[in-house]
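Scroll down for the structure; my scribbles are underneath it.
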Amino acid sequence: MQKKTTVEKATARKYPEPVVLVTTHNPKGGDNVMAVGWTTTVSYKPRMILVAIDDAAYTYELIRKTKEFVVAFPSVKMAKATLYAGSRHGHKIDKIRGAGLAVQKARKVKAPLLRDAVANFECKLVKIFQPGDCPMIVGRVVAAHENKDGKLKRLYYSYGKRFVLGGVRAE
């Protein structure tokens, strides 16, 4: 049975949700990473992924500039790095180094892959649209990668600053 509540209270009950790390490359030098909670597949043929990124974010600026990015699905061992990447702005700091993330070269884009992620998807920008207060960025997957460790578990975002690791909440 349902009861009337506020949007905020109901929103808290919809978790856990996927979290991804989006990497970008600055043509003037350096790479960036950002944690993103709003993401989904929007097409299978061709494969496309949507991420919602605040228009003030450095990641958004770099995607608009380079027209490419990587969507990485973090593993449970990346919880602290994901929290770090999602709680700082990359305009003035190296978040990849600060988060202690290991990277490797991508095949078709200049943004790096995250070595410890469960999977990485190299994307070329298709479209940006803004139906509300947050830009929606659609990328066409041009290359995909999976971790060699097939038993590695995905990280999910819970609520607040919590993650779900294999069904167990972790700070």
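Here are some notes:
- Residue pairs, from the table LYS108/LYS151; LYS77/LYS148; LYS67/LYS110; LYS28/LYS67; LYS80/LYS151, whose Cα atoms sit over 22 Å apart: LYS108/LYS151
- With the helix formula -39500 (n - 2.57) applied to DSSP H stretches of n ≥ 4, the chain reaches a computed 222 nm mean residue ellipticity of -4000 deg cm²/dmol.
- Per residue, the average separation of C-alpha pairs within less than 8 Å and at least 6 apart gives the chain a relative contact order of 25 percent.
- Contour minus Cα-Cα distance for ASN26 and ALA102 (0.36 nm per residue): 25.6 nm
- Listed by chain and number, the lysines placed with their C-alpha closer than 21 angstrom to that of LYS3 are LYS14; residues fewer than eight positions away on the same chain are left out.
- Cα-based reach from LYS45 at 18 Å (exclusive), listing aspartates and glutamates while leaving out same-chain residues under 8 positions away: GLU122
- For the chain, average projected area of the Cα convex hull in nm²: 11.3 nm²
- Rough spin-label spacing in nm, given labels placed 7 Å along Cα→Cβ, for TYR15 and LYS151: 2.9 nm
- Estimated at 0.36 nm per residue, the fully extended path between VAL126 and ASP54 surpasses their Cα-Cα distance by 24.2 nm.
Since every read-out is calculated from the coordinates, none of them should be taken as a lab result. What you see is a predicted model; the values in this text were computed from it and never measured. Cβ: placed from backbone, ideal geometry, glycine included. Neighbour counts: every protein chain shown.
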